[in-house]
1. Taking LEU115 as the residue in question, decide whether it is buried (at least 16 other Cβ atoms within 10 Å of the Cβ), at pLDDT below 90, over 25 Å from SER37 (Cβ atoms) and touching a strand residue (DSSP E or B) at 6+ places or on another chain (Cβ under 6 Å).
2. Tally time: how many residues in region 161-178 are surrounded by 15 or more Cβ atoms within 10 Å (Cβ to Cβ) and either part of a helix (DSSP H, G or I) or not hydrophobic (A, V, I, L, M, F, W, C) (or both)?
3. Look through region 1-41, keep the residues that are exposed (fewer than 13 other Cβ atoms within 10 Å of the Cβ) and of a type in the set (Gly, Ala, Ser), and return whichever of them is farthest from CYS104 (Cα to Cα).
4. Identify, by number, the condition in (1) within 17 Å of GLN3 (Cα to Cα); (2) in contact with a strand residue (DSSP E or B) (Cβ under 7 Å, 6 or more places away or on another chain); (3) open to solvent by 20 Å² or more (accessible area, probe 1.4 Å) that LEU61 doesn't meet.
5. Any residue at all in region 24-34 that's of a type in the set (A, V, I, L, M, F, W, C), under 22 Å from ARG183 (Cβ atoms) and touching a Lys or Arg at 6+ places or on another chain (Cβ under 9 Å)?
Amino acid sequence: MRQSIFITQPEFESKHWRAAFPGCLICTKEPNRVTASSIIWVLAGTPNWLELVKKYSQQRLLVIVMTNELEINQLRSALEAGARGYVEALATKVIIEQVLETICSGGIWLPGQLLSNLVGALSNTPFKYASTCELDLLTKRERQVVDIVVTGATNKQAAESLNITERTIKEHMGSIFNKLKVRDRIQLMLVVKGH
């Protein structure tokens with residue numbers, strides 16, 4: 001059974017957290033006990049919040065950053081530290097449950113308005129492959145998949161564009177992630193379009 005652990009500031013708590021996860025733990029500092037199935041929710045602005053995100057993601061735990069104000073730079077820092085989600089701290093019970101469901105099924109959760117800003121900013125930037133990103137390891141087809149996916153296209157859109165099945169795209173994506181040593185699409189975007 002997955003337990004959600006919320007690390008927050010003193011006297012800052014949303015009623016939606018307990019409504020979504022009745023057995024959750026809410027604390028103002030690192031919890032004493034964290035298990036392999038714990039989900040860590042960290043409030044941005046809490047002392048050492050980025051270090052906590054790094055620490056728990058390095059332990060392969062799912063980490064979600066909550067914020068009082070959506071900011072693109074904070075989002076970037078959270079993702080670089082290993083967060084799998086970024087959500088408003090006072091989001092509704094339904095949103096919080098969707099965040100967890102998305103992340104537990106291998107996805108990433110980003111607020112819609114920031115995601116469109118991020119994808120827009122990335123797709124308007126000319127391609128500049130990062131030197132750390134060894135794209136010559138990829139096959140010609142994998143390069144085509146990367147070029148489409150980094151514009152924000154879904155697997156389905158990429159499959160339609162290349163006239164192949166979604167399943168084939170998923171296989172290519174798995175191979176691309178392994179070869180480029182990235183864990184998800186966001187990290188792929190950041191690496192491929194990095195400076």
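1. no
2. Total meeting the criteria: 9.
3. GLY23
4. (3)
5. no
The values are calculated or read from the model by the stated rules, or taken from the named source; none is laboratory data. Given the structure is predicted, the values throughout are model-derived calculations rather than measurements. Cβ: placed from backbone, ideal geometry, glycine included. Neighbour counts: every protein chain shown. These accessible areas exclude ligands, DNA and RNA; they are computed on the full protein's heavy atoms, side chains included. Shrake-Rupley method; radii C 1.70, N 1.55, O 1.52, S 1.80 Å.
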